[in-house]
Amino acid sequence: LYRVWSERMLQRVKRGRLPTHLPMPLILLRLSSSHAFLAASHELCNAYVPKFQQLSKGIRLTVLGYANACRAYIPDRKIRLEGGYEGRTSIHSYGLPSPFQPVLEKILLKACRKLFQRGFEKREGYHH
């Protein structure tokens, strides 16, 4: 697996096509005043679920992974630092050039916080 991965990465470097980021669309679907779905691309570490629920401030949140794409396992900071398959070497299975930067969790939580602020704000004409 490592040989195949390294050959692919070398070919990408030679073609100038080594990816520098991975898009991760997030979709918030508010079902009612008390319940919403958060759909996230890729395979999310389950440690994100309580973190997302805390950000949702009392709204019951159902978190759905694998939505629209699955090109990576998304580890939280703890798993990233521990290494192993999920934190370090799953990138080989997905064809990614390197493990995620430790700042990944902060970026993801910040994006969710912004999404929740927009999605949970009271809107004129919306009745509970």
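Looking for something of a type in the set (A, V, I, L, M, F, W, C), closer than 14 Å to C45 by Cα and within 14 Å of the chain's Cα centre (by Cα) - is there at least one such residue anywhere in region 92-106?
Yes, there is a match, as at least one residue in region 92-106 is of a type in the set (A, V, I, L, M, F, W, C), closer than 14 Å to C45 by Cα and within 14 Å of the chain's Cα centre (by Cα).
Taking region 81-116, which residues are open to solvent by 40 Å² or more (accessible area, probe 1.4 Å), more than 21 Å from M9 (Cα to Cα), in contact with a helix residue (DSSP H, G or I) (Cβ under 9 Å, 6 or more places away or on another chain) and assigned to a helix (DSSP H, G or I)?
L81, E82, K106, R113
Write out, first by first residue and then by second, each pair whose Cβ atoms fall under 8 Å of each other, whose residues are 6+ apart or on separate chains, and whose first residue, in region 26-53, is of a type in the set (F, W, Y) while the second is open to solvent by 60 Å² or more (accessible area, probe 1.4 Å) and in a strand (DSSP E or B).
As it stands, the answer is F37/I27; F37/L29; F37/L64, since those pairs meet every condition given.
Pull up region 44-68, narrow it to residues that are of a type outside the set (K, R) and on the phi > 0 side of the Ramachandran plot, then point me to the one that is least open to solvent (accessible area, probe 1.4 Å).
G58
Would you be able to tell me the number of residues in region 27-59 that are out of contact with any strand residue (DSSP E or B) (no Cβ under 8 Å at 6 or more places or on another chain) and in a loop (DSSP other than H, G, I, E, B)?
Of the residues in that region, 6 qualify.
Could you count how many residues in region 2-29 are open to solvent by 60 Å² or more (accessible area, probe 1.4 Å), at negative phi and out of contact with any Leu (no Cβ under 9 Å at 6 or more places or on another chain)?
16
The values are calculated or read from the model by the stated rules, or taken from the named source; none is laboratory data. Computed from a predicted model, the values in this text were never measured in an experiment. A quick note on method: Cβ atoms are made from the backbone with ideal geometry, for glycine too, and the neighbour counts reach across all protein chains shown. For the accessible areas, the whole protein counts, side chains as well, though only heavy atoms, and no ligand, DNA or RNA atoms are used. Shrake-Rupley method; radii C 1.70, N 1.55, O 1.52, S 1.80 Å.
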